[in-house]
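Each remark here refers to the structure printed beneath this line.
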Amino acid sequence: MDGYQRVEHSLKIQGLEKAFVINGQVHKVFRGVDLAVERGAFFVIVGESGSGKTTLLRIIAGLERADRGSVAVGGKEVERVGTERGMVFQEPRLLPWLTVRKNVSIGLELRGLPRTEIEQTVDEYLRLVGLGGFASAYPSQLSGGMAQRVGIARALAMSPEILLLDEPLGALDAMTKIRMQRELERIWQEQGVTMIMVTHDIEEAVYLADNIVVMAKDGEGIREVIPISLARPRDRSSKQFGGVREALLREFHLSAH
Amino acid sequence: MLERTPAAEAAAEQSVLPRLFSLRVPFLRLAAGGAARRFAGFSWRYGAILIFLLAWQLLSQFNIVDQSMIPPFSKVVAALLNGFSDGNLLGNMLISLRRSGIGFGIAVVLAIPLGLFMGTFQRFESIIDALLQMFRQTSALAIYPIFILLLGLGETSKITIICWAAFFPLLLNTISGVKLVDSRLIEMARVFGASKWAVFRRVVLPAAAPSIFVGLRLSATTALLLLVAAEMIGAKRGLGFVVINAQYNFEIPLMFAAIVLLAVIGLTANYGLLRLQKRVCRWQQAGQAKAGPLRTSRV
């Protein structure tokens, strides 16, 4: 990457504000959210439940609208859903009647690309996520981790400007989770795609993030953005890793009282 | 860039292999030397029927039950063969098949599109739901005299009543199939650039297909039920007429022959629709339990 691209922002959020009205009562989700994410960065958003981290991600995705403020992806204002923003959901959300290959193809088919190009792209991304041999399997034949890999391949196949990940590993068992975190890191390094991930797992955040965005409870928005400069691949058992994790945990204990 | 493929990592994922194998079992059974096992399943399934028929035969043959009321099964088979060779049963069967086929066919053509529409546009559904429930809860047979009054005693009134009765199970199952589509899948499709029409075609329709098939099978059963009733009330031909007429004339073996024939038609229709469902919804066999008769009891 040259210097010009380094300062270019994949995502720029300004003055974002969101409230829900439940039974006539206004509940502030967050306000005054400003965030700038450089191209190729890995941002992880953490926060207690109710801090609005998932809502923030859904607004970036265009699935929900903000009350105030703006979101720009690749320099263009976000109005609604768009395929320059890839998304990986907590549940894999695969179509059970389609094979793995067809599931990964869906966005490319909707884009109207020629068949041979789709096949090529799908093969490439299935290999990337380590599922080259499972193209003709059905989702019901896959384990949770494999299904999530399909979800990641499906999103990456669209060559998005940013990849939004909504607790993508939240439903996996501990061992699979650690393996998938390594996978995600490798994919991010190989593809150079900007990633914005929401998680409630502090260790996961410290392992993956360039920057950890801590969301405040009670609708105050972003409390702070913490750069993580540990060298990769990160060693979970190292002193430095533990130090960062402890500091973050303490942060949450303080915020709870 | 893509050199370092982590196939080994994926393979290492613990739960993968056992899962694949356990799910492959049904395929293996069909593919490899499962013929014997399949036969075993077959014999258990149909053994009960054979025992029933055998008991029927023996109880009647030794006059433990009154032979004149319940003739031995062999006599019923003889009457069946006889009825086919002299063309009596065959002709009546063809007439019955025509009536129920047309009635069912019209119901299908009307109910599936309307059901898809109502499931998609739920405001429309909520408006006419009460009316539909009223129609549905009114016994079709009770309405039959109205149709006779309006349409006469000919084919039209019979086909109409069959169509009417077959319409509702299919419509309601189609609506619920569309309404119960996982909204998260729809959201996913939108994120990947699907228009409303693409969402309908690629997500809603395939997701609703199993439920539509349940409706089809219920409707086929209903069509046959109404066929017999309509033919018993106001017909001079057809299998339902044969049953009631044979009873009047005390041709008991012929009566049983017509009943057996109706049962066979019902089973065949259901089997055909199941086969069609397995072809259309092939994905269901991979993971989900087969959409067998269990699901019909839901409605």
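What the table below lists for this structure:
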item: Rg/Rg_globular for segment B:132-173, with Rg_globular taken as 2.2 N^0.38 Å and Rg from C-alpha atoms; result: 1.15
item: Nearby lysines by direct alpha-carbon distance to residue B:179 (threshold 16 angstrom, same-chain neighbours under 8 apart not counted); result: B:196
item: Binned Cα-Cα distances of segment A:167-235, short to long, each 10 Å bin given as a whole percent; result: 17, 52, 26, 4
item: Sequence-distant lysines (8 or more away, or on other chains) whose Cα lies within less than 30 Å of residue A:177; result: A:12, A:53, A:102, A:217, A:239
item: Around residue B:75: net Lys/Arg minus Asp/Glu count, Cβ-Cβ under 14 Å; result: -2
item: Residue mean of other protein chain beta carbons inside 10 Å, A:138-148; result: 5
item: Percent of beta bridges antiparallel (DSSP, chain A, rounded to nearest 5); result: 55
item: Relative exposure of B:49, B:233, A:152, judged by other C-beta atoms within 10 Å (fewest first); result: B:49, B:233, A:152
item: For A:76, A:53, order by how many other beta-carbon atoms lie within 10 Å, fewest first; result: A:76, A:53
item: Burial ordering of B:281, B:163, fewest other beta-carbon atoms within 10 Å first; result: B:281, B:163
item: In nm, spacing of pseudo-spin labels at residue A:232 and residue B:278 (7 Å Cα→C-beta vector); result: 5.0
item: Evaluated at q = 0.08, 0.12, 0.15, 0.18 Å⁻¹: base-10 log I(q)/I(0), Debye formula over Cα of segment B:71-298; result: -0.37, -0.74, -1.02, -1.27
item: When the protein assembly as shown is reduced to its Cα atoms, the Kirkwood hydrodynamic radius in Å; result: 28.2
item: Most mobile listed residue (A:114, A:160, A:92) in chain A, GNM with C-alpha springs under 10 Å; result: A:114
item: Aspartates and glutamates whose Cα lies under 18 Å from that of residue A:76, excluding same-chain neighbours fewer than 8 positions away; result: A:8, A:34, A:38, A:64, A:84, A:161
item: For residues of A:92-100, the mean tally of beta carbons on other chains within 10 Å; result: 5
item: Amide H partners (placed H, <5 Å) of residue A:88, local residues excluded; result: A:164, A:165, A:166
item: Gaussian network model of chain A, Cα within-10 Å springs - most flexible of A:170, A:52, A:24; result: A:24
item: Among A:22, A:106, A:202, residue whose mean-square fluctuation peaks in a GNM of chain A (springs only between Cα atoms under 10 Å); result: A:22
item: Ellipticity estimate at 222 nm from DSSP helix runs (n ≥ 4, -39,500 (n - 2.57)) divided over the protein assembly as shown, nearest 500; result: -19500 deg cm²/dmol
item: Alpha carbon Rg of chain A, scaled by the compact-globule rule 2.2 N^0.38 Å; result: 1.02
item: Convex hull volume of segment A:94-159 per residue (C-alpha atoms, cubic angstrom); result: 71
item: Inter-chain Cβ neighbour average for residues B:196-203, partner chain, 10 Å; result: 2
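No lab work stands behind these numbers, since they all come straight from the coordinates. In this text the structure is predicted, and so the values were computed from the model without any measurement. All Cβ positions, even for glycine, are placed from backbone atoms using ideal geometry, and neighbour counts span all protein chains on display.
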